[in-house]
1. Could you please find all residues in the range 28-38 being at negative phi and either in a strand (DSSP E or B) or surrounded by 11 or more Cβ atoms within 10 Å (Cβ to Cβ) (or both)?
2. Out of all the residues in the range 25-38, which are in contact with an Asp or Glu (Cβ under 9 Å, 6 or more places away or on another chain) and over 22 Å from Lys78 (Cα atoms)?
3. If we keep just the residues of the range 52-67 that are of a type in the set (A, V, I, L, M, F, W, C) and either closer than 15 Å to Leu32 by Cβ or surrounded by fewer than 11 Cβ atoms within 10 Å (Cβ to Cβ) (or both), which is modelled with the highest pLDDT?
4. Kindly provide the set of residues from the range 1-23 that are open to solvent by less than 70 Å² (accessible area, probe 1.4 Å), in contact (Cβ under 8 Å) with a residue 12 or more places away in the chain and not in a helix (DSSP H, G or I), ordered by number.
Amino acid sequence: MDCEGCERRVNKSVEGMKGVTQVEVDPKQSKLTVVGYVDPDKVLERVRYQTGKKVEFWPYVPYDVVPHPYAPGAYDKKAPAGYVRNVVQDPEAGQLARATSFEVKYTTAFSDENPNACIIM
């Protein structure tokens, strides 16, 4: 969102929807937060139709929600402070970012950073 006009247009596009109780627009992060009982896909489509802009779900979640926040695919330099990519729902994310503790145990067994790593000679 570049100007107050864009912000106002995005706000008005979802403000009148049935089930919406609160609308918050953050132009600095280009983020729209909608609170209420409304289908997220309908909100996305409505904003896309009313504004004519590219619209997508917010791709970031707090870093403590993701099992491995600094794995490739999760860590993003563009993310706001304290946020990483939502690799749990993102099918394009790296496998290590979505790995379970069982898988991590076996992938780090031969790691150079692991002092208890198995050494085979």
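1. The first filter runs over the range 28-38 and keeps only residues at negative phi, leaving 28-29, 31-35, 37-38.
Gln29, Lys31, Leu32, Thr33, Val34, Val35, Val38, listed by residue number.
2. Selection gives Val34, Val35.
3. Per the criteria, the residue is Val55.
4. Met1, Met17, Gly19, Val20, Val23 - these are the residues of the range 1-23 that are open to solvent by less than 70 Å² (accessible area, probe 1.4 Å), in contact (Cβ under 8 Å) with a residue 12 or more places away in the chain and not in a helix (DSSP H, G or I).
The values are calculated or read from the model by the stated rules, or taken from the named source; none is laboratory data. What you see is a predicted model; the values in this text were computed from it and never measured. Positions of Cβ are backbone-derived with ideal geometry, glycine not excepted, and every protein chain shown enters the neighbour counts. For the accessible areas, the whole protein counts, side chains as well, though only heavy atoms, and no ligand, DNA or RNA atoms are used. Shrake-Rupley method; radii C 1.70, N 1.55, O 1.52, S 1.80 Å.
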